[in-house]
1. What are the equivalent ellipsoid semi-axes of the range 327-406, built from the alpha-carbon gyration tensor (square roots of five times its eigenvalues), in whole angstrom, biggest first?
2. Could you put CYS230, CYS377 in order, starting from the residue whose Cβ has the fewest other Cβ atoms within 10 Å?
3. At 20 °C and a viscosity of 1.002 mPa s, what translational diffusion coefficient does Stokes-Einstein give for the range 129-213, taking Rh as the Kirkwood radius over Cα pairs? Give it in µm²/s as a whole number.
4. Exposure proxy check: LEU364, LEU351 ranked by fewest other beta carbons within 10 Å?
5. Residues with amide H under 5 Å of THR30's amide H, sequence separation 5 or more or different chain, H placed in the peptide plane at 1.01 Å from N; which?
6. For THR277, what is the net charge nearby, where nearby means another residue's Cβ is under 12 Å from its Cβ and Lys, Arg count +1, Asp, Glu -1?
7. Just the Cα atoms of the range 115-273: what Rg and Dmax do they give in Å?
8. Taking the range 279-419, how much of its Cα-Cα pair set, in percent, is spaced more than 27 angstrom apart?
Amino acid sequence: MNGTAELAETRSMLPFEVNRVREDFPILATRVNGRALVYLDNAATTHKPRQVLHALETFYTTDNANIHRGVHTLSQRATASFEAAREKVARFLNAADPAQIVFTRGTTEAINLVAQSWGRNNLRAGDEILIGEAEHHANIVPWQMLTAQTGAVLRVAPVDDHGELTLESVRSALTTRTRLMAFGHVSNALGSVNPVAGIVALARDAGARVLIDGAQAVAHGGVDVQALDCDFYAFSGHKLFGPTGIGVLYGKRELLEAMPPWQGGGDMIKSVSFEHTEYAGLPHKFEAGTPHIAGGIGLGAAIDYLDGLDMTGAIAHEHALLEYATARALDMPGLRIIGTAPRKEAVLSFLIDGLHPQDLGVLLDSQGVAIRTGHHCAMPVMQRFGVPGTARASFAFYNTREEVDVFFGALDKARRMLA
């Protein structure tokens, strides 16, 4: 056994050191309305460890320059750091080549890139795009825009009463006209884990391409795009303890090479004349203009941080928090969980009788507890359950059992106030 394996095995035998990990996240010491912050809105955005903040500060204070174009020292250093971050993302996803990693502004832009570049060049009138009923708007609206442009048809695989998308549902919605399947890895609104490996297998059998929206999955366990065999995988840095405004599109090389750029400008070209433009190779032909350089470097630092963390312990800790919170929820009078799929990640979506989710969010904030309320950019699945929205508590590895207790104490106080 090598040293790395021995260290991993040793870590897996020890309790997850959540209190030590919390020291890496300075914002967790914040007080809100006179109370210690209990941050349970991690499905919206995760906080950043000191290592990421330091990487951002270092870039702006010592290396700030534009990339790929300059011969001076700062530009060379910035370019090296940005491209090193691309390599870290490739390793994180187990992509075969860093050139398959396209930096975007986030998952939303990554999906729009596929829609406008691959979709407009490969879909025709009558072709079908298949998505799930619990998708984020970012995995609905770009396909609606594409169908309006091409005459393709959008089809939807429904979820069951538990909020679970089954392979049977996906299989039933498939037709001989299905050309693209686009599904979330994990539902942001419900926490349901979709059977993405089975979905990819169905796509292969149907001769369809498949895109996975991994925004809610990347922070909760390893993603191996080669093992998954998906055609595209998208995620956002701010869901992975990195900066906002930076995201990733992974694509199979043969697809990316055949796709035209969807934006034009600087840095995505090899040569330009008034008569003709020759585009750069992968991945730069999809990265027009000055990118979010610090964001890419910060995302690389976030991956470095996770590489040094006991991720086995972190994931087990998250699951224990969700199980504990679910048990507490089931014991609370008047509380109804929305989304009870057997496989879930770190999301508890719920309603309390007599309390509008918005009012509940305000009352909890007054006690220092941050949750998300509303439709969570997933209005169709809210309509599926006949609700305008829910309250959502979502956990990360830096949350504690004690914070769950504070959360339920705040819920009980809010419930009693309006009883």
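1. Gyration-tensor ellipsoid for the range 327-406: 19, 16, 13 Å.
2. Going from sparsest to densest Cβ surroundings: CYS377, CYS230.
3. 169
4. Lowest count first: LEU351, LEU364.
5. When sequence neighbours closer than 5 places are left aside, the close amide H contacts are LEU37.
6. It works out to a net charge of 0.
7. Every Cα atom of the range 115-273 included, Rg and Dmax give 15.9, 58 Å.
8. It works out to 38 percent of all Cα pairs.
Throughout, read-outs are computed from the coordinates displayed, never taken from laboratory work. Treat the numbers as computed from the prediction; the structure is a model and nothing was measured. Every residue, glycine as well, gets a Cβ built from its backbone with ideal geometry; the counts of neighbours run over all protein chains shown.
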